[in-house]
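Structure first, then comments.
What follows draws every value from the coordinates through simple rules; no lab data is involved. For clarity, every value in this text was computed on a predicted model and none was experimentally measured. So basically every Cβ, Gly included, is an ideal-geometry build from the backbone, and we count neighbours across all protein chains shown.
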Amino acid sequence: MTWLYLVLIANLLGAFVVLIDKYLVGPRAIGRSEVYTFYIGILSSVVLVMVPFGSVSLPSLLIILISLIVGFGYMTSIIYFYKALQISDASDVAPVLGATAALSAFVFQIFFFGSTLSSYGFLAFILLVLGTAMMSYFRFNKKSLICVLVAGVLFGYSSIFLKILFDVTTFANGFFWSRMANVVGALMLLVVPLNREIIIKAIRTAKRSTTSLVFVNKIIAGSASFLSFVAIKMSSAPIVNALGGMQFVFLLAMAHFFPKFMPQHFETIHERRDYEASLTYPRNFFFYKMIATIFIVFGFLLLFQQNGEY
């Protein structure tokens, strides 16, 4: 049961991270997804504090390879995720990312492990994925839709290889080297001359408030990721990804109880005044949000009732 509580706390933290992410990739803050991704990758080097405590050992070639696969998948996924955030609202992008990541992780798990979920686990998985997807308004153009789908698939495959990494080494060792792979990925961004120019310029001109917000957001995101990694180690990557729908339940609650504190770029309960008739999302979206919430909560309770068995 412990892993379920960890996922719940991780998604609560993740709700705050999504809101801050949307602001940071906006034109008033960092702007470029490559720049923000570089920040995130470099800040992963904070795991170096683990070295003096003796919990990290020299990696084998297999551990290096898997860590690089995890890092490549994660870093590339967040580049596409932030590109999608720049085009579409976070309320559209984040739920579709979560649902796509869960489905792709499920497919990759079958491919690599040759196993499926139990009947109860599969039912909970379906409810969680459907509920998560229904949280979106589905207002995408072609570019943003491709970006969020690519991000979801890459995030899903990255989580499966993370599970493999935890199976072949200790949790501390796997956590350390997978985070160091993020640092390698960030440095690889500098290989491309255009990226290097943009990143260096952004660092030189960044406001102190923006840099501080990136750092604080990374601490929150890192805490959420750590809890999710522990949950993946203890359970199933597809289920942990599917439980990401709880993040949007928390966001709905925030929008309902604290509407004045919700940024305009993250719309949840309140309908846009400039809502265009050409958009395909149903008018009675509040009803669909409630149905989505019921699916997610019921899926979570099903797992809880089954004592976390998947």
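Here the range 1-25 and the range 129-161 have alpha carbon centers that stand 17 Å from each other.
Tell me, Leu8, Leu303, Leu43 in order of fewest to most beta-carbon neighbours within 10 Å?
Details: Leu8 17, Leu303 27, Leu43 20.
Fewest to most other Cβ atoms nearby, the residues stand as Leu8, Leu43, Leu303.
If R0 equals 51 Å, the separation of the Cβ atoms of Tyr120 and Ile203 corresponds to a calculated FRET efficiency of about 0.55.
If you count, for each residue, the other Cβ atoms within 10 Å and average over each peptide, how do 231-243, 205-217 line up from highest to lowest? List each step's numbers first, then the result.
On the way: 231-243: 26.1, 205-217: 13.4.
Ranked from most to least packed, the peptides come out as 231-243, 205-217.
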